[in-house]
Structures are given as structure tokens and as C-alpha cells.
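Below you'll find the structure, written out as C-alpha cells, and then a few comments.
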Amino acid sequence: MPRTGLVVRLEADRPTVRLEDGSEWRCRLRGRLRREAGQVLVGDRVEVTPIGAGEGWVEAVLPRTVVLERPPLANVHGLIVGFSLRDPAGSFTLLDRRLVLAELLGLQAVVAVTKADLVPVGERHHLDPWAALYPVVWTSARTGEGLDALAARLGTGIWVLTGESGAGKSSLINALVPDAQAVVQDLSRIRRGRQTTRVVRLYPVRGAWLADTPGFTRLDLPRVPPRRIRDAFRELRPLACRFADCLHLGEPGCGLAAALAAGTVAPVRYEHYRTFVAEVAAGGRRDPQGGGQWT
Ligand SMILES: Nc1nc2c(ncn2[C@@H]2O[C@H](COP(=O)(O)OP(=O)(O)OP(=O)(O)O)[C@@H](O)[C@H]2O)c(=O)[nH]1
Ligand SMILES: [Mg+2]
Ligand SMILES: [Zn+2]
């Protein structure tokens, strides 16, 4: 009888599979799974049979839900966006880019503000526009602030920790998972453009699983039609406009001005919305063949 487990690590065709009893098997892939790369991903639920002590065969991969390409991960439930307000001062545009990606992929999103020990309480209002829309948890790997609150948000799913280089993602994982030993790097090296985190693996955090990722400073939105970007901005969904397909870019009878005046849409978020819409629209013009990919 095969047993079911979770691929928590993958090194060159050799997945590490965690079984329900907490044991981990170093596994090999059955021939048909080995033939093509990407047949087995970290995050996959797999059926395994034993070879010997602590070793097994991966016999089959169970059906997947969401698959991420970068980093390669299966069955992702949500994104944790790590964001530092200080040292380094994170980019709010990149924060929104990541949140838009989460929405486009149908993933949950939580904002983990890192290095809270460096941010006086009086400055925390900078995150208010996001706190109105997403769970925003103030965390510090240094003091332990917010770690329980963050872990409590995760439930039992697979979460990807994303964010700019130097934001403190690996430090956060180390603080959440005592024996994680995720590599933390000096900010001076990060400023010279070196990213630390490469291997994809899942760390257990209570009932959930967490994957570290390297920070990317450049993050392109997929080629989608502007209305998909509009729908990715949660606060724009309830706007009352004359036209149902209103993009809130100056159309007659648009409800945007009223929403800005009422404070349900934050100017900073709307600015990012305009930037992203212009970007996907320009992408569409550059490559008319790509139109078919728009869904
Ligand atoms: N003051 C303070 N510094 C922190 C905290 N967490 C991380 N740092 C520092 O921030 C720097 C970068 O931390 P990392 O955890 O390597 O950042 P990262 O987001 O994993 O970076 P990449 O892997 O390059 O994407 C290190 O010098 C850490 O010591 C924190 O809670 N407070
Ligand atoms: Mg890292
Ligand atoms: Zn409108």
C-alpha cells in the first residue's frame, strides 16, 4: 500500500518526502516521473513506497492546485509579502505588484512588515492603506514581535514568503522555525546585488508550510487585460460607476472620485493601479500576437 506524503525539498531528482507521521524519506523517482523535469515539484502530494530505511520511491503525483513557476512550487495557498519600512526602505509599488500577483493567481495574501524593531509605533500608519485590505502583521525576527500572530494566520496551507532582497525573509523563517538555518546575509552584500536564497524547500510552521524565496527587485506582471488588474484591486470592486466595464480612468459617471473622497480608495493604491494598467496595456501593444494569452 503506497503512503501519501508532501515533497518538502528537491535536489536533482531526489525529493525529500514528509509523511504524515512526521518522518522524512529521501526518495527516488519512478522512471516515468524522471523522464521529464517538473514532473515532481516541491509542494506536491505524492504516493510513496518504501525502498529501505528512510528511503522510498515516488510512485505518483496527486492532482495539483496552483502551480508557481518562480519559484517552482505546487499547491500554493498564499503569499506572505515581506516588507521592510526601514533598512532598507521597501518600495510600496513592489509591495502592490506582489499583492496584484497574488490576486491574479487566486492566492491569499498576508503582509508581514519586517524589522518592526526599527519602526516607531508613530510611523506605522504608513501601512494603513494596506491594513484596510489585507492582514498586515508587524514582525521582528530580532525581538520576536508578531511571530505568533503571523503563524496563526497561516492555517494549514503552503505559503510562499516573497519580498525584496534584504527585507528579512530568511531571518523571519529562522525566527519562526528554530532549526531552519535559512541563510541570512549581510545587508552590505545584498546592496551589492547578491541574493542569498536559492534552494526551494518547505519549512514547517505549526500546521502550515513556508517556502523562502530570493528577493527580486524586478517583477513583471503577466500579460493580462486591464480589467484583470482592475479586479486585482479589491477596493475598486465595489465602485458604483455608470458603465459596468468602467476602468476608473476618467470615464463619465465613474465612481472613483466619490470613493477617493470617502477614503475607501487610497491615492497611493490608485496611483499604482494606473501604473500597472498602463504597463499591461503597453505590453499588449508591443506584441499583438500575445493577445491570445489574455484571459
Ligand atoms: N533590525 C532588524 N534587522 C533584521 C531583522 N530581520 C533581518 N534583519 C537584517 O536584515 C538583513 C537581511 O536579512 P535576510 O533575512 O537575509 O533578508 P532576505 O529578505 O532573506 O534577503 P534575500 O534572501 O537576499 O532576498 C540581515 O542583515 C538581517 O540581520 C529584524 O527583525 N530586525
Ligand atoms: Mg533570504
Ligand atoms: Zn469607474
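The values are calculated or read from the model by the stated rules, or taken from the named source; none is laboratory data. These numbers were taken from a predicted model, which means no experiment stands behind them. Ideal geometry is used to build each Cβ from the backbone, glycine not excepted, and the neighbour counts take in all protein chains shown.
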Quiz item: Within the stretch 43-79, how many residues are under 15 Å from the mean Cα position of the chain (by Cα) and of a type in the set (A, V, I, L, M, F, W, C)?
Solution: 7
Exercise. Could you please let me know if Leu85 is surrounded by 17 or more Cβ atoms within 10 Å (Cβ to Cβ), outside the structural domain of Arg274 (by TED's automatic domain parsing) and modelled with pLDDT under 95?
Key: no
Practice problem: Could you list all residues from the stretch 105-122 that are in contact (Cβ under 8 Å) with a residue 40 or more places away in the chain, crowded, with 16+ Cβ neighbours inside 10 Å and not polar (S, T, N, Q)? | Solution: Leu107, Val110, Ala112, Lys115
Practice problem: Kindly check whether there is at least one residue in the stretch 37-52 that is closer than 22 Å to Leu161 by Cβ and hydroxyl-bearing (Ser, Thr, Tyr). | Solution: no
Practice problem: Test Asp245 against the criterion of being part of a loop (DSSP other than H, G, I, E, B), among the acidic types (Asp, Glu), at pLDDT below 95 and over 30 Å from Arg26 (Cα atoms), and give yes or no. | Solution: no
Self-check item: Lone unmet requirement of (1) in a loop (DSSP other than H, G, I, E, B); (2) at pLDDT below 95; (3) farther than 26 Å from Thr65 by Cβ for Ser140
Solution: (2)
Practice problem: Being within 23 Å of Leu154 (Cβ to Cβ), of a type in the set (Lys, Arg) and in a loop (DSSP other than H, G, I, E, B) narrows it down to one of Arg124, Arg86, Arg97, Arg64, so name that one. | Solution: Arg64
Quiz item: Within the stretch 239-286, which residues are among the acidic types (Asp, Glu) and without any contact (Cβ under 8 Å) to a residue 40 or more places away in the chain?
Solution: Asp245, Glu251, Glu271
Quiz item: What number goes with the only condition from (1) surrounded by 10 or more Cβ atoms within 10 Å (Cβ to Cβ); (2) farther than 26 Å from Leu94 by Cβ; (3) within 9 Å of ligand 3 (Cβ to nearest atom) that Gly253 does not pass?
Solution: (1)
Practice problem: Sort through Ala258, Ala262, Ala266 and tell me the only one that's modelled with pLDDT of 95 or more and under 30 Å from Leu147 (Cβ atoms). | Solution: Ala266
Quiz item: How many residues does the stretch 11-45 hold that are outside any loop (DSSP other than H, G, I, E, B), among the acidic types (Asp, Glu) and surrounded by 14 or more Cβ atoms within 10 Å (Cβ to Cβ)?
Solution: 1
